[in-house]
C-alpha cells in the first residue's frame, strides 16, 4: 500500500479556507503532481514523513533555547476541518500560512542535517536496514524540503498538505 504526504505551494489569495474546496484543489494537484513537482511547487514524502518529523525533532535536543520551528516542515500550520457536508473520503488537510512557510524555510536552511542525524539517526534505521541507504533517503528528503520551502517562502506562498492513502 502506498501512502503519501503531498504538499503544494500556492498563493494565499488563491486559497479558500474550506475543506471541500481544498480537497478538490489537492486532488487536481495530485493528478498533476509530476508537472507540479518539476515546476517546484509540489513535494511529497512516501510513508516516512512521520520519521522525517522525528529527525527534525532532534533540533530540540541540539538547541534547548530554539523555538518550535522544527515542527513546521511536516506538521506545522493548522488542520482544515471538514464541514458538515464534506465527503468523508476526503483526505486530512493542513494549511501552513506564508509566515510559517518562511519560518520553516529558515529552519531547514539553518539546521545541520549531520547534527540531526547524529542525534536521531539510530532511531530511524529499522531492523535490518542499511544505515548508509537510510541516511541518504533522509538527506534526500531534507534537501527536497529545503528547496521546496525555500522557493515557496521566496514568493510568499502558503503550503497546503494532504495525506493520500
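The values are calculated or read from the model by the stated rules, or taken from the named source; none is laboratory data. The structure presented is a predicted model; accordingly, all values stated were derived computationally and were not measured. As a convention, Cβ positions derive from the backbone with ideal geometry for all residues, glycine included, and neighbour counts pool all protein chains shown.
Annotations
- Qualifying residue in region 130-146 (condition: within 28 Å of residue 20 (Cα to Cα) and either part of a helix (DSSP H, G or I) or modelled with pLDDT under 90 (or both)): yes
- Among the residues of region 5-20, not one is at pLDDT 95 or above, assigned to a helix (DSSP H, G or I) and crowded, with 16+ Cβ neighbours inside 10 Å.
- The listed residue being in contact (Cβ under 8 Å) with a residue 12 or more places away in the chain, on the phi > 0 side of the Ramachandran plot and in contact with a helix residue (DSSP H, G or I) (Cβ under 9 Å, 6 or more places away or on another chain), out of 94, 77: 77
- Those residues of region 21-50 which are surrounded by fewer than 19 Cβ atoms within 10 Å (Cβ to Cβ), in a helix (DSSP H, G or I) and under 12 Å from the mean Cα position of the chain (by Cα), in sequence order: 50
- In summary, residue 2 fulfils each of the numbered conditions (1) assigned to a helix (DSSP H, G or I); (2) surrounded by fewer than 19 Cβ atoms within 10 Å (Cβ to Cβ) with the single exception of condition (1).
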